[in-house]
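Only one structure is covered here, and it is reproduced in the block below.
The values are calculated or read from the model by the stated rules, or taken from the named source; none is laboratory data. Quick caveat: nothing in here was measured; it's all calculated off a predicted structure. Here the Cβ positions follow ideal geometry from the backbone for every residue, glycine too, while neighbour counts run over all protein chains shown.
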Amino acid sequence: MSAETINTEKVKAAIEAAVRGCRVEILPNGSPSGQHSLILDNEHAVEAALFLRDNPELRLDYCSDVAGVDWLDKEVTEKVKVWKLVDGAEKEVEETRKSVTPGYLEAVYHLFSMEKKHGPVVLRLRTQDRGEGARVPSLTPVWRSAEFQEREAFDLYGIVFEGHPDLRRILMWDELKDHPMRKDYVAPPDEDEPAGAVAQEGGR
Amino acid sequence: MEQSEKSVQELKAELSKHGVFTTTFEEIYNWGRKNSVWPLTFGLACCAIEMIATTMARYDLARFGAEVFRASPRQADLIIVSGTVTKKMAPMVVRLYNQMPEPKYVISMGACAISGGPFRDGYNVLKGIDRYIPVDVHIPGCPPRPEALLDAFMTLQKKISEQQLTGEARPRHLKEDLPSEFTVPKYGEHGLEPPVNEEVWNPLKVLQ
Amino acid sequence: MFLLQNLAVTDARFGIDFLMISAVNLFITGTNPWPPIVALLVGALAFGLAPLALAWLWAVKYSPAKPGKEKNSIYECGLESPGDAWIQFKASYYLYAIIFLIFDVEAVFLLPFAVAYAGLPAGACVAMLVFLLLLVEGLMWACQKGVLQWS
């Protein structure tokens, strides 16, 4: 893809050195392309993005793509061995524990550098949850090309981009309440012909 | 009645053998109509490209008197719904159909226009334009070839030539009490309102 | 047209009785040039009016009129038309269009000039340059007036 692949570790270190207090996490990508992504924290995301754009080493001046991802609540059941008092003696007993990881929405940005001819760097911004807290800072002030794509992610996933100059629906109509690309979206009950309709009555 | 109809046909055939051609009012009227069906310049998706190809020299829709694609629905007799009708576009299609003068016909071209096609389970595509307007001819195909559109067109011509001027079997546009415009769906909070026009929509039913 | 004028004049001068008499006279006397013209006029009118009348009769007999709010609404490619069509346009649009004409005319004359350039005498070249100067002068004047400033 790129003339020069960017070392994600180095970018992470550079961001952390330049932006005070910024927490950057690397999400490894196991595929052959190895495009690991950087998860930025929402408070410092704009600052970090400005650094990525303006740093003379990186010069990531082109945001090619903004995507939305919906991660549902995850329920994990695991069997754990615990020492417990059974009949007066301590024994190792197996227990099943259930833990629920709350779901969240994610905005993914793909960055390239026209000047340095390298890329991509993949940024991810995560919302707190899938409801009221579905907010991330907008990177449109940093990369103008993100404007319409952030609107699309808002339209289809319901991610609210704070600081976006014109956050309206872009594909669906304004009156719609749903966000149809979310995984728990159910299409309105439709007066379909029942499955396996075999014969026609009357006709038109 | 049937007997007299038959003898009239026989008489006409006999006369035409002797070089005398006869016709009825209805026949000549329908003959004129079917050979000057003017479609509306209206394309929605990839099927529109096939529709354009149909009008060009290789397939030549002009042979059927239908080469004049009108830029205004006021002058058009036929709307070829060629392509995917998204839910956002559906009100416009219905409004255009409403604005056409009677008699007006609809050809629903391609898998998307007749049923939603490959996008049927999507959130944004109407599952067939026949939910809102009465369709005369459906063409399956993705997209249908120009020959298929020509076939649909000839089917429509046949349909027009069989329409009666008087009597109970006369078509919708000649009946006083039947509507000429149809409900334009509105953008609702979860989909189009209403999802179908009950007056028009006539789906398959399970009989067993 | 002449006939109508003629009739109108006679009507104004002598009243309707005289008009009738003169019209009858026109048809009877063979030397009069008007009758064939009148016949043509009536024929032309009938040619135009008969289809309209037939269509109207047809509609009355067979197809009922079905006007409707949606059907009679303004055609705007399927959208509902908001607002009024009678709004003011900025005068700057027209000025721009006129200034565009300068370049347009320039291109029209420059092309043949360039084609015939090698064989032209010095006088023709000077004439062309004067022409160009006049056009550019107009542009400069418009520019100085601030027409090209879009506000």
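Taking the stated definitions as given, is residue B:64 within 19 Å of the chain's Cα centre (by Cα), aromatic (Phe, Trp, Tyr) and buried (at least 20 other Cβ atoms within 10 Å of the Cβ)?
For residue B:64, the condition - within 19 Å of the chain's Cα centre (by Cα), aromatic (Phe, Trp, Tyr) and buried (at least 20 other Cβ atoms within 10 Å of the Cβ) - is not met.
So how many residues does segment B:175-194 have that are more than 12 Å from chain C (Cβ to nearest Cβ), within 14 Å of residue B:132 (Cβ to Cβ) and among the acidic types (Asp, Glu)?
1
Residue A:137 is checked against (1) over 17 Å from residue A:125 (Cα atoms); (2) in contact (Cβ under 8 Å) with a residue 12 or more places away in the chain and fails just one. What number does that condition carry?
For residue A:137, the failing item is (1).
Going by the conditions given, is residue A:155 of a type in the set (Asp, Glu), within 14 Å of chain B (Cβ to nearest Cβ), without any contact (Cβ under 8 Å) to a residue 40 or more places away in the chain and in a loop (DSSP other than H, G, I, E, B)?
No; evaluated as a whole, the condition is false for this residue.
Going through segment A:174-204 one residue at a time, which ones are within 7 Å of another protein chain (Cβ to nearest Cβ), modelled with pLDDT of 90 or more and surrounded by 14 or more Cβ atoms within 10 Å (Cβ to Cβ)?
A:176, A:180, listed by residue number.
In the list B:51, B:100, B:92, which residue meets the criterion of being outside any helix (DSSP H, G or I), at pLDDT 90 or above and surrounded by 12 or more Cβ atoms within 10 Å (Cβ to Cβ)?
The match here is B:100.
Which is in contact (Cβ under 8 Å) with a residue 40 or more places away in the chain and over 30 Å from residue B:71 (Cα atoms), of C:147, C:105, C:136?
C:147
Name the single residue that is farthest from the other protein chains (Cβ to nearest Cβ) among those in segment C:62-99 being among the small types (Gly, Ala, Ser) and under 30 Å from residue B:177 (Cβ atoms).
Looking at residues that are among the small types (Gly, Ala, Ser) and under 30 Å from residue B:177 (Cβ atoms), I get C:81.
Among the residues of segment A:105-123, is there at least one that is at pLDDT 85 or above and within 11 Å of another protein chain (Cβ to nearest Cβ)?
no
Is it the case, given these coordinates, that residue B:141 is surrounded by fewer than 24 Cβ atoms within 10 Å (Cβ to Cβ) and either away from chain C (no Cβ under 11 Å) or of a type outside the set (Ser, Thr, Tyr) (or both)?
Here the answer is yes, as residue B:141 does meet what is asked.
For segment A:99-115, state whether one or more residues are of a type in the set (D, E, K, R), assigned to a loop (DSSP other than H, G, I, E, B) and either touching a residue at least 12 places away in the same chain (Cβ under 8 Å) or farther than 24 Å from residue A:36 by Cα (or both).
Checked against the condition, which is being of a type in the set (D, E, K, R), assigned to a loop (DSSP other than H, G, I, E, B) and either touching a residue at least 12 places away in the same chain (Cβ under 8 Å) or farther than 24 Å from residue A:36 by Cα (or both), segment A:99-115 yields at least one hit.
Would you be able to tell me the number of residues in segment B:77-91 that are within 11 Å of chain C (Cβ to nearest Cβ), farther than 14 Å from residue B:152 by Cβ and under 17 Å from the mean Cα position of the chain (by Cα)?
Count: 1.
For the list (1) of a type outside the set (Asp, Glu); (2) closer than 30 Å to residue A:178 by Cα; (3) more than 9 Å from every other protein chain (Cβ to nearest Cβ), I need the number of the one condition that residue B:152 fails.
All conditions are met except number (2).
Kindly provide the set of residues from segment A:10-42 that are more than 16 Å from residue A:113 (Cβ to Cβ), of a type in the set (D, E, K, R), surrounded by fewer than 13 Cβ atoms within 10 Å (Cβ to Cβ) and without any contact (Cβ under 8 Å) to a residue 12 or more places away in the chain, ordered by number.
A:20, the sole residue that qualifies.
If a residue has to be more than 14 Å from chain C (Cβ to nearest Cβ) and outside any loop (DSSP other than H, G, I, E, B) to count, how many in segment B:161-174 make the cut?
1
Checking residue A:143 against (1) under 21 Å from residue A:22 (Cα atoms); (2) assigned to a strand (DSSP E or B); (3) not polar (S, T, N, Q): exactly one of these is not met. Which one?
(2)
Which one of the conditions (1) within 20 Å of residue B:96 (Cα to Cα); (2) among the aliphatic types (A, V, I, L, M); (3) not in a loop (DSSP other than H, G, I, E, B) does residue C:65 fail to meet, given that it meets all the rest?
(3)
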